[in-house]
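To start, the structure itself, in structure tokens.
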Amino acid sequence: MTLDQRLAVGALLFCMSFAHARNSSAQGIAAAFGELAGRLKGGTTVYLTDDAGVKRQGKIVRLSPSSLELSINGKPEVFAEDQVRTIAERRRSTAKGAKIGLAVGAGMALFGALNTSDCKGCHGAPDALVPVTIGALIGMATGIGAAIGATLTHERLVYERPDPNAKDLSASDPASAADGLVSSAFNPIEPLR
């Protein structure tokens, strides 16, 4: 394997390991306003769905453990925690796009390095250009991926009120909860006569 090929393979492996890294700061969905304190800041645009199923967009003015004040079309509205079904925030996919672009750029660099190392008639391209070309391909593809990702948005659920009608399987008597699951799972079928 030539130096060009080793550089390309090394760059590809590095980029693939980076592209598959997960965000360790990802947080779950809060079940109480008190859990939102560190996640949502004043001025953040959120999408709130109330008890009636009406979805509203507003900016956070104030958040407490029992209520949320939003500025909706310039007018403040206060929502008690028991009036809110869900809260979502709009997120951009910039990092995801950059990771995809990084992988694509590394693949292009690898393809180019593997297919041009034995070029006859390339008039002696300097070896110093190989790492520069690999870096440029990866950098351009990463930038293009980030730019495309920045245009893509999605809503990320940050709060969902627990369903008061949902059965709690972590009952105080685990044996009775297990009995209920077993008896409902093994319902004998009556034989046909």
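The values are calculated or read from the model by the stated rules, or taken from the named source; none is laboratory data. Everything numeric here is computed off the predicted structure, so don't read it as measured data. Neighbour counts run over all protein chains shown; Cβ positions are idealised from the backbone, glycine included.
Some points to look at:
- Matching option when the condition is under 19 Å from LEU157 (Cα atoms) and touching a residue at least 24 places away in the same chain (Cβ under 8 Å), among LEU102, LEU48: LEU48
- Condition check for THR94: of a type in the set (S, T, N, Q), modelled with pLDDT of 85 or more, farther than 30 Å from ALA52 by Cβ and surrounded by fewer than 19 Cβ atoms within 10 Å (Cβ to Cβ): yes
- Some residue of the range 132-147 being modelled with pLDDT under 80, loosely packed, with under 14 Cβ neighbours inside 10 Å and closer than 23 Å to GLY101 by Cα: yes
- Residues within the range 72-85 that are loosely packed, with under 14 Cβ neighbours inside 10 Å and assigned to a helix (DSSP H, G or I), tallied: 1
- Scan of the range 40-50 for residues that are modelled with pLDDT under 90 and either closer than 11 Å to ARG85 by Cβ or among the small types (Gly, Ala, Ser) (or both), ordered by number: GLY42, GLY43
- Of the numbered criteria (1) among the aliphatic types (A, V, I, L, M); (2) modelled with pLDDT of 80 or more; (3) in a helix (DSSP H, G or I), the one ALA88 fails is (3).
- Of all residues in the range 61-106, those being within 23 Å of the chain's Cα centre (by Cα) and farther than 25 Å from GLY149 by Cα number 2.
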